[in-house]
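Chemist: The structure under discussion is supplied below as C-alpha cells; questions concerning it will follow.
No lab work stands behind these numbers, since they all come straight from the coordinates. Since the model is a prediction, treat every value here as computed from it, not as a measurement. No Cβ is skipped: glycine too gets one built from the backbone with ideal geometry, and neighbour counts run over all protein chains shown.
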Amino acid sequence: MAAVGGTYGLLLILYLWLCRYFSCVLAANKMPGLTVNTTFGPVRGKMKLLPNNKTVLYYLGIPYAAAGRFEPPRNPDRWNLTMNTTAYGKVCPQPLIPIYMNLSLDDLSETCHFINVFVPAEGLKEGSQNMTLAVMLYVHAGGYTIGAGSRRIPELPSLLSTEGNVIVVTFNY
C-alpha cells in the first residue's frame, strides 16, 4: 500500500510541475521558441512536421525527479545551461521482454525519472496567446514491473497532441 501512495504522490508532484511550468509558460507566449524555462533549468526541444501535415514541439528526457531504487523521490539537480531535450531518457530497470518492448541493457538505468512533453504548434501561433491547452498525462502500464512512457509507439503522443490539440505528457517511473 505504501508503494501506491508513493506513486500517487509522485504523480501529483509531476502534474503540478507540468501545469505550472509548461502549460503556463507556453500559454503565455505568442509563439513559443524551442527553449522553455522550467523549475530546474532551461530545456530546448525540437519541432517536427508529422505525417498528418501538422507540427509538434517536443521535449524529451527532461529529469523530473532523482531517487535510488525504492527511495522516495527528490528534486533533480538544477542546471544553468540549456539542456537539449530531443531524445528519450533511459528506461527504469526491468526484465527484457522483446515481445513487449525491444530494449537492451544499454537502455536501462536506475536514473530513469524522465518526462516527455508534446505540444501542438498550431494551437500556439500568433493571435492565440490567450488560448490554454488541456494537459493529457499518459501513465504506462506494466504492473510496476515493465514499461516506459517512450517505447511502445513513440510517434503516438505527437499525433495525439496535434489531432486533439492538447499537451501530451508521458514519463518513466
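Chemist: What is the spin-label model distance, in nm, from LYS46 to ALA134 if the labels are put 7 Å beyond Cα along the C-beta direction?
Modeler: 2.9
Chemist: Shifting gears a bit: What does the charge count near GLY68 come to, summing +1 for each Lys or Arg and -1 for each Asp or Glu among other residues with Cβ under 14 Å from its Cβ?
Modeler: Cβ neighbours under 14 Å give a net charge of 0.
Chemist: What residues have an amide H closer than 5 Å to that of THR35, excluding those fewer than 5 places away on the same chain, when H is modeled at 1.01 Å from N in the peptide plane?
Modeler: For THR35, whose amide H was placed from the backbone, the distant partners under 5 Å are GLY45.
Chemist: While we're here: Through the Karplus equation 6.51 cos²θ - 1.76 cosθ + 1.60, θ set to phi - 60°, convert the phi angles of the range 141-148 into ³J(HN,Hα) values in whole Hz; use x for Gly and Pro.
Modeler: After applying 6.51 cos²θ - 1.76 cosθ + 1.60, I find 7, x, x, 6, 10, 9, x, 7 Hz.
Chemist: What list of ³J(HN,Hα) values in whole Hz, one per residue of the range 162-171 in order, does the Karplus curve 6.51 cos²θ - 1.76 cosθ + 1.60 (θ = phi - 60°) give from phi, with Gly and Pro shown as x?
Modeler: 6, 6, x, 6, 10, 7, 9, 10, 10, 7
Chemist: Per-residue HN-Hα couplings for the range 106-118, Karplus 6.51 cos²θ - 1.76 cosθ + 1.60 at θ = phi - 60°, whole Hz, x for Gly and Pro?
Modeler: Once rounded to whole Hz, the list reads 5, 7, 9, 7, 5, 8, 9, 8, 10, 10, 10, 10, 10.
Chemist: Let me check against my output: what whole-number percent is the relative contact order of the range 45-96, with C-alpha pairs under 8 Å and at least 6 apart?
Modeler: Numbers: 53 pairs, mean separation 17.7, N = 52.
Worked out over the range 45-96, it gives 34 percent.
Chemist: Let me ask another. Taking the simple approach of a point 7 Å from Cα along Cα-to-Cβ for both THR145 and ARG69, what is their distance in nm?
Modeler: The two pseudo-label positions are separated by 1.6 nm.
Chemist: Please list the non-local residues whose amide H lies under 5 Å from the amide H of LEU103, H modeled 1.01 Å from N, same-chain partners needing a gap of 5 or more.
Modeler: Close amide H contacts, sequence-distant or interchain: ILE97.
Chemist: Check which residues have an amide H placed less than 5 Å from VAL91's amide H, if you skip close sequence neighbours.
Modeler: Result for VAL91 returns LEU108, SER109.
Chemist: So how long is each side of the range 71-110 along the principal axes, counting just the alpha-carbon atoms, biggest first, in Å?
Modeler: Taking the Cα atoms of the range 71-110, the three principal extents are 40, 28, 14 Å.
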